[in-house]
2 protein chains.
Amino acid sequence: MPVDGWVRAVRVQKEITFLNINDGSSLQSLQIVARPDLDIRGITFGSAVEIWGKLVQSPHKKQSIELLADKIRLVGACNSVDLPFKIKERHSLEYIRQFPHLRCKTNVFSSLLRIRSEASAAFHSFFKDNGFVHIHTPIITSNDCEGAGELFQIEPASKTAEKQNNAHFFDVPSFLTVSGQLHLEVMMGAFTEVYTFGPTFRAENSQTRRHLAEFYMVEAELAFTESLKDIMEVMENLFKSATSFILSKSPDDVELFHKYVAPGQKERVEQMLKNSFQVLSYTEAIDVLQRSMETFKYEPKWGCDLQTEHENYLVEYCGNIPVFVVNYPYDIKPFYARDNQDGPQHTVAAVDLLVPGIGELCGGSLREERLDLLQSRLKQHGLKDTYQWYEELRQFGSVPHGGFGLGFERYLQCILGVENIKDVIPFPRFSHSCLL
Amino acid sequence: MPVDGWVRAVRVQKEITFLNINDGSSLQSLQIVARPDLDIRGITFGSAVEIWGKLVQSPHKKQSIELLADKIRLVGACNSVDLPFKIKERHSLEYIRQFPHLRCKTNVFSSLLRIRSEASAAFHSFFKDNGFVHIHTPIITSNDCEGAGELFQIEPASKTAEKQNNAHFFDVPSFLTVSGQLHLEVMMGAFTEVYTFGPTFRAENSQTRRHLAEFYMVEAELAFTESLKDIMEVMENLFKSATSFILSKSPDDVELFHKYVAPGQKERVEQMLKNSFQVLSYTEAIDVLQRSMETFKYEPKWGCDLQTEHENYLVEYCGNIPVFVVNYPYDIKPFYARDNQDGPQHTVAAVDLLVPGIGELCGGSLREERLDLLQSRLKQHGLKDTYQWYEELRQFGSVPHGGFGLGFERYLQCILGVENIKDVIPFPRFSHSCLL
């Protein structure tokens, strides 16, 4: 069997030519030793080659084995003049981002893709090992979940062109999902633990280093749960177990990021793994912010959402350990969050997980399972008709339950120390950009 | 620790009450034995309960263990008058489909959801075990892949409402993906084996038992492959290995389908697993169809697509074993299919896998890796500008490669014997219907 791959380096010496070839299975390339009588015309950086030979122990320290070539075949030549990546040059993540059809050819992005693949497997493993059933929640929905952010609406392309806006394809306006939560909650009528892991969407115009129009969310929902602590325990275990899994499965790929992209990140991740996550109530968090010497752009005030600057301050305040902020004001959380029935500062059992370098990584809550409280909340929001089916879930063996969502790309940013979210997804979509 | 679940049966006897409770972890319910002094008021079919007691060996043959209850708590009552499912009644799949928010409460649909979860894991396992890297191909795309079927177009909801159709959110028209293939092919510049598994979309008006507007596809792409046989081998191994995995992980759930939904299906699946898949060239297939005694609605003719009736005939002709049909006419396959450069009947290296009861389950091909042939094909289709990036993939270390896509819901139909595709997905979307 020949060895197949792409040439990552060529070193021509007097007697011998060395080629490094890589097949994408790891960061490490295979060193090929080519005698001068072998035909290597046309073989350059980026070429695809097929090589027959003998694997031997390498005399060099850099690798344990190398291939003594008997025959080298050029499978596909590389136009290295037009290739935007140059041999031995280290290109910035921002630079390679311009070439979504070619950036997998760089070391850094092929490492990212392998890590992303392992991270997906890690999340599935965690849930499977803990008895969760995987549910494919729908992408197209007639609900708008929480009224959270702007939605994408869909129609057949031909119809859009003709502008016949009278009849919808599905008879009702339909949107791309912003969260699978409400559909996961359906399963709280027969399953005790479910999860979903798929794409979600926001039509926000904002172009920040933490937002995409299309991104992946891991969402879980647990039945017979009356305490936010149960939810927080799953969140913390998921984060730690997935991270340990990835560190053990992809040490070389992760090291590339921790060494060249975000020096110091290795230690920061170790800190997160070995310490218990902190817990602050929203009220405490506001108090901490108000007592701080920091000048914030947005004044911290009870009853207002936390801004990124506040999140970052709180994480630092907690020693750069991830921190759960719990029990948010009733008035700033969606209709489904469970009423704590407290006062005078009225709160709901909602939780956000803030992590170093990112801010909000997860959001979750207990869900209002009590029919009367849910009904009055829906009425108050004018959502009674839209969510009749959701209300009905509370009439047939309703159970206390709760869950959370974790932003998969933010998670990758957090463990790898990648500044921009566009660099941890193969094909980033954001306003004004949908390449390929 | 109490046992939590939903009541699936209540049998009140003179001395004792028996409850069957189920928590969604398996088809099997737990039998609860309740002494007459326990308060079971309000506990009916569908109630959610929490029970403390002692697990003991059961004296009955039907179960190995049962729970002697010390305390029973009604967690959530069930309005059994309005619940559309009645105790001890077997409802048809078609009937329960009307209640997407409640159907998980039925035995058959909770079995389906567990099987679907195991099947997803099975596909991921197969690829992981064989060294494939998992790539999240995008849902939103500015390509229309193959011009295959009608597309959904997307815009922010606010924009749709205002009908400001001048500027697009992404600056270009954007669509929901019909296939991740072209994006997987990007990875053929650095990886030898990749796959994706996610939702794909068609805005077709057709309402058949095999079509959905939103469905899941498993797609794989292999580099350094010059023969369709390599692709077919992966398809056959994937089918057989995933099926064996599911049969071994979910025997009870699968048995429910094979016993009550599709009697005889167990044997049909065994047949598929133990025999080698058949192979017919398209030309042979047309010949078989033309020589048959069958009256077809569409006359089988070289150069035309196979219709469902033709597919079904070919599968029967091959003894109800899945059959690969290979080498399709050049003119009916998309631009990317690899030219066989034969004649006078000009074909491409494309393959469809037809399976009993369903027809087409998979479609695949070698991809045209030769720049000159690809360029002339793109030109001929008027696609030169749109696919400039795709053409560029062939300039930087292009390799012979190929791949396929498998319809996940059709696969579930095939192994379970489910007639209608709407019954193997949690929330089916099709024209005129987008419930929840």
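The values are calculated or read from the model by the stated rules, or taken from the named source; none is laboratory data. Quantities reported herein were computed from a predicted structural model and do not represent experimental measurements. We place every Cβ from the backbone using ideal geometry, glycine too, and count neighbours over all the protein chains shown.
Beta carbons closer than 7 Å, at least 6 apart along the sequence or on distinct chains, pair a first residue in segment B:298-310 that is in the same structural domain as residue B:357 (by TED's automatic domain parsing) with a second that is outside any helix (DSSP H, G or I) and polar (S, T, N, Q) for B:298/B:307; B:302/B:345.
Restricting attention to segment B:131-149, does a residue exist that is surrounded by fewer than 19 Cβ atoms within 10 Å (Cβ to Cβ), modelled with pLDDT of 95 or more and facing chain A (nearest Cβ under 9 Å)? Yes; the residues of segment B:131-149 include at least one that is surrounded by fewer than 19 Cβ atoms within 10 Å (Cβ to Cβ), modelled with pLDDT of 95 or more and facing chain A (nearest Cβ under 9 Å).
Per-residue answers, yes or no, for (1) modelled with pLDDT of 95 or more; (2) within 11 Å of chain B (Cβ to nearest Cβ); (3) out of contact with any Asp or Glu (no Cβ under 8 Å at 6 or more places or on another chain):
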residue	(1), (2), (3)
A:7	yes, yes, yes
A:14	no, no, yes
A:20	yes, no, yes
A:29	yes, no, yes
A:41	no, no, yes
A:84	yes, yes, yes
A:98	yes, no, yes
A:102	yes, yes, no
A:106	yes, yes, yes
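Against the list (1) touching a strand residue (DSSP E or B) at 6+ places or on another chain (Cβ under 9 Å); (2) more than 14 Å from chain A (Cβ to nearest Cβ); (3) closer than 30 Å to residue B:250 by Cα, the condition residue B:411 fails is (2). Number of residues in segment A:336-351 that are surrounded by fewer than 18 Cβ atoms within 10 Å (Cβ to Cβ) and touching a Gly at 6+ places or on another chain (Cβ under 9 Å) equals 1.
So which of B:13, B:63, B:28, B:57 is touching a residue at least 60 places away in the same chain (Cβ under 8 Å), loosely packed, with under 15 Cβ neighbours inside 10 Å and not basic (Lys, Arg)?
Just one listed residue meets the conditions, B:28.
Residues that are under 16 Å from residue B:360 (Cβ atoms) and of a type outside the set (Ser, Thr, Tyr) within segment B:257-285 comprise B:272, B:277, B:278, B:279, B:280, B:285, listed in sequence order.
The set of residues in segment A:346-394 being of a type in the set (S, T, N, Q) and within 24 Å of residue B:436 (Cα to Cα) consists of A:365, A:375, A:376, A:380, A:386, A:388. Among helices (runs of 4 or more DSSP H) entirely within segment B:323-436, having at least 2 residues that are among the hydrophobic types (A, V, I, L, M, F, W, C), in contact (Cβ under 8 Å) with a residue 40 or more places away in the chain and in the same structural domain as residue B:265 (by TED's automatic domain parsing) singles out B:408-416. Could you list, in sequence order, the residues of segment B:22-45 that are within 29 Å of residue B:254 (Cα to Cα), assigned to a strand (DSSP E or B) and in contact with a Ser or Thr (Cβ under 6 Å, 6 or more places away or on another chain)? Hit for segment B:22-45 is B:22, nothing else. Taken over segment A:414-424, residues that are surrounded by 21 or more Cβ atoms within 10 Å (Cβ to Cβ) and out of contact with any strand residue (DSSP E or B) (no Cβ under 6 Å at 6 or more places or on another chain) amount to 7. Residue A:111 meets all of the listed conditions (1) at the interface with chain B (Cβ under 9 Å from one of its Cβ atoms); (2) surrounded by 21 or more Cβ atoms within 10 Å (Cβ to Cβ); (3) of a type in the set (S, T, N, Q) but one, namely (1). Scanning segment A:48-72 for residues that are β-branched (Val, Ile, Thr) and under 25 Å from residue B:400 (Cα atoms) yields A:49, A:51, A:72. You will find that of A:289, A:273, the residue that is in contact with a Lys or Arg (Cβ under 8 Å, 6 or more places away or on another chain), more than 11 Å from chain B (Cβ to nearest Cβ) and on the phi < 0 side of the Ramachandran plot is A:273 and no other. For segment B:397-413, a tally of residues being surrounded by 24 or more Cβ atoms within 10 Å (Cβ to Cβ) and in contact with a Cys (Cβ under 8 Å, 6 or more places away or on another chain) returns 2. If only residues of segment A:363-384 that are within 14 Å of chain B (Cβ to nearest Cβ) and of a type in the set (D, E, K, R) are counted, the one that is surrounded by the fewest Cβ atoms within 10 Å (Cβ to Cβ) is A:372. Can you pull out every residue in segment B:91-134 that is among the hydrophobic types (A, V, I, L, M, F, W, C), part of a loop (DSSP other than H, G, I, E, B) and touching a residue at least 40 places away in the same chain (Cβ under 8 Å)? Matches in segment B:91-134: B:132 only. Residue-level analysis places residue B:301 outside the set of residues that are farther than 22 Å from residue B:330 by Cα, more than 14 Å from chain A (Cβ to nearest Cβ) and not small (Gly, Ala, Ser).
Residues that are among the small types (Gly, Ala, Ser), without any contact (Cβ under 8 Å) to a residue 40 or more places away in the chain and assigned by TED's automatic domain parsing to the domain that holds residue A:118, at least 2 per element: which helices (runs of 4 or more DSSP H) completely within segment A:223-279 meet that?
Here the list reads A:228-249.
Against the conditions (1) within 14 Å of residue B:367 (Cα to Cα); (2) touching a helix residue (DSSP H, G or I) at 6+ places or on another chain (Cβ under 7 Å), residue B:190 satisfies every one except (1).
Within segment B:314-331, track down each residue that is among the aromatic types (Phe, Trp, Tyr) and either in contact with a Lys or Arg (Cβ under 8 Å, 6 or more places away or on another chain) or farther than 16 Å from residue B:414 by Cα (or both).
Scanning segment B:314-331 gives B:317, B:328, B:330.
Considering each of A:238, A:247, A:314, A:256 in turn, give the residue that is surrounded by 16 or more Cβ atoms within 10 Å (Cβ to Cβ), within 16 Å of residue A:359 (Cβ to Cβ) and either out of contact with any Asp or Glu (no Cβ under 7 Å at 6 or more places or on another chain) or hydroxyl-bearing (Ser, Thr, Tyr) (or both). Matching residue, one of A:238, A:247, A:314, A:256: A:314. Out of curiosity, is residue B:197 within 19 Å of the chain's Cα centre (by Cα), in the same structural domain as residue B:119 (by TED's automatic domain parsing) and in a helix (DSSP H, G or I)? Spelling it out, it is not the case that residue B:197 is within 19 Å of the chain's Cα centre (by Cα), in the same structural domain as residue B:119 (by TED's automatic domain parsing) and in a helix (DSSP H, G or I).
Among the residues making up segment A:284-297, a single one is touching a residue at least 24 places away in the same chain (Cβ under 8 Å) and among the polar types (S, T, N, Q): A:292. Residues that are under 23 Å from residue B:171 (Cα atoms) and β-branched (Val, Ile, Thr) within segment A:205-223 comprise just one, A:208.
Looking across segment A:150-191, the residues that are more than 8 Å from every other protein chain (Cβ to nearest Cβ), at pLDDT below 90 and not in a helix (DSSP H, G or I) come down to A:164, A:166, A:167. Just one of the numbered conditions (1) within 14 Å of another protein chain (Cβ to nearest Cβ); (2) over 13 Å from residue B:191 (Cα atoms); (3) under 34 Å from the mean Cα position of the chain (by Cα); (4) part of a loop (DSSP other than H, G, I, E, B) is not true of residue A:63: (1).
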